[in-house]
1. When segment 25-50 is examined, which residues are found to be open to solvent by 50 Å² or more (accessible area, probe 1.4 Å), of a type outside the set (D, E, K, R) and not in a helix (DSSP H, G or I)?
2. Determine if segment 70-84 includes at least one residue that is assigned to a helix (DSSP H, G or I) and in contact with a Leu (Cβ under 9 Å, 6 or more places away or on another chain).
3. Working only within segment 25-46, note down all residues that are touching a helix residue (DSSP H, G or I) at 6+ places or on another chain (Cβ under 8 Å), under 30 Å from Leu2 (Cα atoms) and without any contact (Cβ under 8 Å) to a residue 24 or more places away in the chain.
4. Gly53: open to solvent by 70 Å² or more (accessible area, probe 1.4 Å), modelled with pLDDT under 85 and not aliphatic (A, V, I, L, M), yes or no?
5. What are the residues in segment 8-37 that are hydroxyl-bearing (Ser, Thr, Tyr) and under 20 Å from Gly49 (Cα atoms), if any?
6. Hey, could you check segment 56-80 for residues that are within 19 Å of Ala6 (Cβ to Cβ) and open to solvent by less than 70 Å² (accessible area, probe 1.4 Å) and say which is modelled with the lowest pLDDT?
7. Val14: surrounded by 15 or more Cβ atoms within 10 Å (Cβ to Cβ) and assigned to a helix (DSSP H, G or I), yes or no?
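The values are calculated or read from the model by the stated rules, or taken from the named source; none is laboratory data. Everything numeric in this text was worked out from a predicted model, so none of it was measured. Note that we place each Cβ from the backbone using ideal geometry, even for glycine, and neighbour counts take in every protein chain shown. SASA here: full protein model, heavy atoms, side chains in, ligands and nucleic acids out. Shrake-Rupley method; radii C 1.70, N 1.55, O 1.52, S 1.80 Å.
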Amino acid sequence: MLALVALVVSVGIVDSLNPSTVGPALYLVVAPDGARRLAGFTAGVVAVGLAGGLVLVLGPGQGILAAVPRPGRTTTHAIELALG
């Protein structure tokens, strides 16, 4: 369980470096007291990602997976090909 929590935390940290956060981060860092504002923004992004991951892992994650039908082998390969 601890390894799973560590995985969720690491995903949240990496997700906070998402390119879509660079624009707002640059805006915040050039404002007065930019370092503090940027630290708060980064902590907020990490907290939201972490909370979402923990909710899915510890909450309804297995129930959601159980409700989704399992595609066959050919369908799985087609989906992987399309997404890849």
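1. Pro32
2. Scanning segment 70-84, I find no residue that is assigned to a helix (DSSP H, G or I) and in contact with a Leu (Cβ under 9 Å, 6 or more places away or on another chain), so the answer is no.
3. Listed by number, the residues that qualify are Leu38, Phe41.
4. Spelling it out, it is not the case that Gly53 is open to solvent by 70 Å² or more (accessible area, probe 1.4 Å), modelled with pLDDT under 85 and not aliphatic (A, V, I, L, M).
5. Ser10, Ser16, Ser20, Thr21
6. Step by step, filter segment 56-80, then rank; the result is Gly61.
7. Numbers: surrounded by 15 or more Cβ atoms within 10 Å (Cβ to Cβ): no; assigned to a helix (DSSP H, G or I): yes.
Judged against the criteria, Val14 is not a match.
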